[in-house]
Amino acid sequence: MKKFTPVKIVIPKLRNATEQSLKKLSEKTIAKTVSANNFLTDISDVLLFIIRIIKETFSRNFEFKEFLHQCFKIGYKSLPLISITGTIMGLVLTIQSRPVLVNFGAVTMLPGMVAISLIREMGPVITALICAGKIGSGMGAELGSMKVTEQIEAMEVSSTNPMRFLVVTRVLAATLMIPLLILYADALGIFGSWAGANIKGDLNFVLFFSQAFSHVKFIDFLPAVIKSFFFGAVIGLVGCYKGYNAGRGTESVGVAANSAVVLASLLVIIVDLIAVQITDMLIL
Amino acid sequence: MNTSQTDTFNNASFKMPSGGTVIEINNLKKSFGEQEVLKNISLKLFNGENLVVLGKSGTGKSVLIKCIVCLLNSDGGKINVFEKNVTELNRKELGELRQKVGFLFQSGALYDSMTVKQNLEFPLQRIKKNLTKKEIEDKINEVLENVGLADALNKMPSQLSGGMRKRISLARTIVVDPMIMLYDEPTTGLDPVTSDEISSLIIDVQKKYKTSSIIITHDIKCALKTANRIIMLNEGEVYKEGKVEDFKNSTDPLIKSFFK
């Protein structure tokens with residue numbers, strides 16, 4: 001009889017263990033199903049948001065005055081920041097790459113190399129990331145606080161379509177202004193590169209620019225400009241989506257701004273990767 | 001009804017009902033997930049009256065008036081405004097309805113990025129599109145004088161006190177000559193003196209602009225001063241409806257807890 005006693009104890013333990021592990025498994029499954037469901041809901045919300053923006057963009061009562069105001073805010077008010085970062089971008093790139101090129105005896109390639117890398121990759125991506133931080137977070141915080149303080153609802157009861165007035169104007173302004181800011185940053189980057197080249201050498205301004213642009217072709221500009229429009233659209237969309245769909249408390253304003261920056265930056269990198277792949281397949 | 005109101009109103013598809021009932025709500029239901037906020041609300045707002053809706057926090061008072069202007073969609077029941085069911089209106093008709101219904105938000109909801117003048121111009125330029133620049137300016141000055149803040153024209157909302165924000169918000173609502181006013185807790189967060197001033201303004205607006213109003217509040221002083229009729233909500237249902245005196249003389253413990 002004593003020999004069988006441990007068996008009697010083990011069976012319930014095993015049963016308990018099985019029940020517990022099954023319970024844990026079902027809890028995990030439910031949690032994963034819920035998060036998958038939330039993810040799919042988010043995706044469908046974003047798609048519906050984009051469809052609404054497209055629909056409202058082509059509606060008759062386009063808010064042109066507000067669109068111009070947003071172009072001024074996004075474009076003109078970002079100029080100081082983009083000027084500084086653009087110039088430093090070219091300057092640093094030149095200072096870092098000059099010694100290597102000297103070692104290879106290819107210092108004359110410096111202007112062309114800097115110009116191509118700025119125009120094709122560094123200018124668009126770094127400027128877009130800075131814009132994601134400045135413009136994306138600004139939109140997220142502004143629309144988020146408008147939502148929390150019932151300003152969006154107040155707009156709605158004033159017979160104004162808040163989607164058309166707040167979202168469409170911002171997304172379109174970002175889509176138009178960010179490519180212009182990127183071109184401006186490219187130009188200042190090349191200027192910064194000339195300044196960098198003159199720290200240790202003596203290079204004539206006209207000679208530097210003629211050397212730089214002798215290597216740059218139209219095909220270097222085109223993909224960069226096209227992807228810049230997508231960067232602008234992504235930054236505008238994410239900023240507005242996060243702000244417009246912010247929660248009710250004041251905490252949600254911070255969350256909206258923060259998540260707008262994180263998601264916009266991530267999407268800029270992903271769009272860049274896709275653009276590079278497409279360019280690689282089609283052109284080079 | 002003043003002349004400008006009559007002109008606009010007759011041109012619109014919303015007609016003043018013959019029976020004098022401007023809002024009629026029947027069996028309104030609204031839930032948020034599992035939580036049933038409005039269970040079975042039925043009420044009427046008659047032309048020219050101030051109807052106060054009383055109740056504890058969370059009884060669905062604000063939800064009720066947001067359903068009237070379709071800021072929230074109801075789950076069931078009927079909301080007739082000027083004899084039209086608002087739940088069946090298309091976007092254009094809803095826009096027309098909202099021109100007739102002014103909504104004073106609890107927070108004031110002034111546009112932070114605009115001056116007081118721009119805040120008042122915003123609805124005017126969109127609702128009364130045929131007004132000239134001079135007429136818009138005159139209208140803005142008139143409503144600002146009516147709320148006693150004629151000198152606040154070029155101030156930003158951040159430069160205004162809580163009471164001033166409420167007044168400007170009220171001015172922004174009445175600037176388009178609404179026929180119905182919905183006040184969402186107009187005196188919340190204000191000191192007793194300013195609360196009394198806002199209550200007086202509500203009565204002035206009723207007299208001057210001939211509006212019919214629903215006033216959501218749990219401020220008894222405001223309710224007693226402004227109400228022609230009171231409805232008390234409790235747990236998503238109409239608990240009691242009657243004249244001010246009926247509530248004052250009631251022996252019901254819940255009502256007494258409000259009126260003591």
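The values are calculated or read from the model by the stated rules, or taken from the named source; none is laboratory data. Predicted model only: the values in this text are computed from it and were never measured. Neighbour counts are summed over all protein chains in view; Cβ atoms, including those assigned to glycine, are modelled from backbone coordinates with ideal geometry.
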Hits in the stretch B:85-100 - residues which are without any contact (Cβ under 8 Å) to a residue 60 or more places away in the chain and either out of contact with any Asp or Glu (no Cβ under 8 Å at 6 or more places or on another chain) or more than 13 Å from chain A (Cβ to nearest Cβ) (or both): B:Asn85, B:Val86, B:Thr87, B:Glu88, B:Leu89, B:Asn90, B:Arg91, B:Lys92, B:Leu94, B:Gly95
Total residues in the stretch A:215-255, condition more than 16 Å from A:Arg120 (Cβ to Cβ) and out of contact with any Phe, Trp or Tyr (no Cβ under 9 Å at 6 or more places or on another chain): 19
Scan of the stretch B:173-197 for residues that are in contact with a strand residue (DSSP E or B) (Cβ under 9 Å, 6 or more places away or on another chain) and part of a helix (DSSP H, G or I), ordered by number: B:Thr173, B:Ile174
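Would you say A:Val206 is among the aliphatic types (A, V, I, L, M), at negative phi, in a helix (DSSP H, G or I) and surrounded by fewer than 20 Cβ atoms within 10 Å (Cβ to Cβ)?
yes
Here is a yes/no grid of residues against (1) in contact with an Asp or Glu (Cβ under 8 Å, 6 or more places away or on another chain); (2) at pLDDT 75 or above; (3) among the acidic types (Asp, Glu); (4) not in a helix (DSSP H, G or I):
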{"site": "A:Lys13", "(1), (2), (3), (4)": "no, no, no, no"}
{"site": "A:Thr29", "(1), (2), (3), (4)": "no, yes, no, no"}
{"site": "A:Ala36", "(1), (2), (3), (4)": "no, yes, no, no"}
{"site": "A:Val46", "(1), (2), (3), (4)": "no, yes, no, no"}
{"site": "A:Ile53", "(1), (2), (3), (4)": "no, yes, no, no"}
{"site": "A:Phe62", "(1), (2), (3), (4)": "no, yes, no, yes"}
{"site": "A:Lys65", "(1), (2), (3), (4)": "no, yes, no, no"}
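Only one residue in B:Phe122, B:Phe103, B:Phe82 is away from every other protein chain (no Cβ under 14 Å) and either surrounded by 15 or more Cβ atoms within 10 Å (Cβ to Cβ) or touching a strand residue (DSSP E or B) at 6+ places or on another chain (Cβ under 8 Å) (or both). Which one? Break it down into steps so the answer makes sense when it comes.
Working: B:Phe122 fails: away from every other protein chain (no Cβ under 14 Å); B:Phe103 fails: away from every other protein chain (no Cβ under 14 Å).
The match here is B:Phe82.
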Residue within the stretch B:110-118 that is in contact with a Cys (Cβ under 7 Å, 6 or more places away or on another chain) and within 11 Å of chain A (Cβ to nearest Cβ) present: no
Flag for A:Arg164 being touching an Asp or Glu at 6+ places or on another chain (Cβ under 7 Å) and within 13 Å of chain B (Cβ to nearest Cβ): yes
Filtered residues of the stretch B:125-143 (kept if surrounded by fewer than 17 Cβ atoms within 10 Å (Cβ to Cβ) and facing chain A (nearest Cβ under 10 Å)): B:Gln125
Filter result (crowded, with 21+ Cβ neighbours inside 10 Å and either more than 14 Å from every other protein chain (Cβ to nearest Cβ) or of a type in the set (Gly, Ala, Ser) (or both)) within the stretch A:142-161: A:Gly144, A:Ala154, A:Ser158
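Taking the stretch B:116-140, which residues are part of a helix (DSSP H, G or I), free of Cβ contacts under 8 Å to residues at least 24 places away in the same chain and within 22 Å of B:Gly95 (Cα to Cα)? Don't jump to the end; show me each part of the working.
Of all residues in the stretch B:116-140, those part of a helix (DSSP H, G or I) come to B:116-127, B:133-140.
Within this subset, residues satisfying the condition of being free of Cβ contacts under 8 Å to residues at least 24 places away in the same chain are B:118, B:121, B:125-126, B:133-138.
Passing the criteria: B:Gln118, B:Glu121, B:Gln125, B:Arg126, B:Ile136.
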From A:Asn204, A:Asn258, residue being out of contact with any Cys (no Cβ under 9 Å at 6 or more places or on another chain), of a type in the set (S, T, N, Q) and within 25 Å of A:Gly75 (Cα to Cα): A:Asn258
